[in-house]
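Since the structure comes first, as structure tokens, the remarks are kept for the end.
Values quoted throughout were computed directly from the atomic coordinates according to the rules given, and no laboratory measurement underlies them. Since the structure is predicted, the reported quantities are computational estimates derived from the model, not experimental observations. Every residue, glycine among them, receives a Cβ derived from its backbone with ideal geometry; neighbour counts consider all protein chains shown.
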């Protein structure tokens, strides 16, 4: 929050005027009492947090699902029928369905809570204290107690606690990647700016949440809390609506469709019963109502919500093992349907660690391999390792040694990780020197005695060192921008000789600068001056004259080694990769080309260019271009929205605060767990614990596998349930044909309500769950992502479901007809035996269908033994069915009678027709697919 009347653009006003408007003195700061008064008036320097949702409300959210509504309705109908029948015994149907519903909610709630705990464990402490001037004295105060008008004292390693206008700065560089996406530390000074400037170009401002890489500064706080740039992004984040995932939308659609189907089927069958048999007694009314309830139970896949939650939860656990923490179960599948992955560059596609990739000396150029701060790599000359006896090796060593001497960064290994303190650009010299292996020689030979700090006016930094190998000598080492440093040089080091730096050499050096810049390298040059001294020289910029030019380096934030392969795998899967960064367009284009995101020489689209487009032009550019640079959080959000409006399922990755609104708006936001800000993690639906872009592609594969398995168990559940419905419906309609109708016209059902419920419990749970764990049966990354209008249950799947259901019903009714007297085939068995046979055929047919449902067109015998869980589930279900048929107490409970071995053989044979009929259908489908492919 902000307590002053200072204008909203303090970077355009003199620092003294800003301080006056804020009622403070840049030298003495606020009075302690005044700071306390302001804090009491405006509140702490914190971002407003979203109020946590109570646990009971989060639990109840798991009941907000169309399928759950359908099951709740089935519970009420079952309970009402039980009451109407006399309320004898237990309302078994209602209890079982209620248990399924509650267990589903408990499972989803537990998994979500587990994910939230994992995300909480990733949080790292942000800056908790800051140094300010109050009543003319330096004091350390909690960050939350800072107010507008406070005077900050900034030093290397500090985290900036609030937005502030610089009053003074000495060699001050600030890392703003988390806010702007700029990978290089930004040089700051207190000079007043003029005209319109972007956030990343306001060099006289420091921003809350950024980090000081080098130097010192004094600044007046202009905004705290939600009034900071980070706070404005948080506001934008809170205003961004989350959209339901594709899976949530599809399951909701299936639930609505099944609801209509259940009511329609129940009504049609009950009306059919009344028309065919009439109502002769109260028992007929109760039987008809129970039939309606049985059909409702049969038509609704009670196990679907639970199986769906279990499959998604297991997918979440598998992804967690690969460093991807999913906060929302349905988001696992969303990545599988992603057609576009929008990625930030810095720290996501790149290491976020400045690295020297080239060393250019007057003798030639050297390539430095390896990426990031880990000092592992080689120095190559035309692809061959540079040897120590090569003059170019010595020239390269001079450049790197010089860059390490005029340097204030440190590089240390901590718990297996290489950590930098200071300017990442300076640290790149230390890493390159370690690859060359000369750091020990440097530390033994040179001792620093003085430093001439970097200033924005000189754009140079120098250090003075005694040389243990040359008594009485002091080495002045200077580094800076090549064009500036050349102006201070009069000679050039060429191998072991020093020559005059004439126009020819100057032109050659500047040509190298232009070439490296064109390849998106940032260039820094190194020069030196040996001084024979008898007394300490004056330490000022007068020493930066008549220098000897040694060479330059090309520095870049390199791509992650595994990112290029991940991008290629995404493209193979038909997933478009889009880079959206706040970095320089030239750098963005280079990284995009290296990774294969933009193989051609197409330049990045800048935020300024996007602002110049109307809505139609903006949508057209977003449709065609893959690289965007110098963009703001608003641009990122607008790009994501344009892609979604174009029918794309968008995954957005990022680590900075500037990524958070787009992450929340995207179909699935993916935050970096190690380098990401807390705002970003809060906005995301998935957090990567390893900050590895390749994990995104692994998650896409996992999501596609999950979607394929969801289709498998949906195909299985729906075809099995349709089989039950058609069995009862056709059994009623064809009762006279198959011998079910009594001579007195009374209604006889082909299956009892308890038998239908048993079938659902037996076949809708364990086998369906096992199918959700099926191993990858197809190369899921060789096909394009499914479109937003592609249904989980498409027309071909519905045809297959109805086909299998019809075969099941036919096989079941055939078993009844074969054993019952009368009908198409004369039998000799009792109604109870015939009904038991039909009941058993339907159970076994659904177990055969479990293998058939693993693929829409592939044979069931492909990798038949690969899913041990499915075989286990089928074995357990078979044993339980045998028990229901042969255990006396279960005979009484479920209205069954023992079957002979011959009758069991008949049941198995009839049930297997589901498998053989489906194999024949798949054979036809494969032949038609080959014919269509041949025509193309």
Highest to lowest packing among 486-499, 698-711, 568-581, 835-848, scored as the average C-beta count within 10 Å: 835-848, 698-711, 568-581, 486-499
Pair residue 514, residue 385: separation of 7 Å Cα→Cβ label points (nm): 3.7 nm
FRET efficiency, residue 880 to residue 932 (Cβ-Cβ, R0 41 Å, nearest 0.05): 0.40
Mean Cβ count within 10 Å, highest first, over the residues of peptides 195-206, 412-423: 195-206, 412-423
P(r) weight above 26 Å for the range 355-556, C-alpha pairs, percent: 29 percent
Rg to Rh quotient for the range 444-524, alpha carbon positions, Kirkwood Rh: 1.02
Sequence of 923, 762, 643, 153 once ranked by neighbouring C-beta atoms within 10 Å, starting from the fewest: 923, 153, 762, 643
Packing rank of 11-22, 722-733, 873-884, where each peptide gets the mean count of other beta carbons within 10 Å, highest leading: 722-733, 11-22, 873-884
Residues residue 791 and residue 865, FRET efficiency given R0 of 45 Å [Cβ-Cβ distance, rounded to 0.05]: 0.90
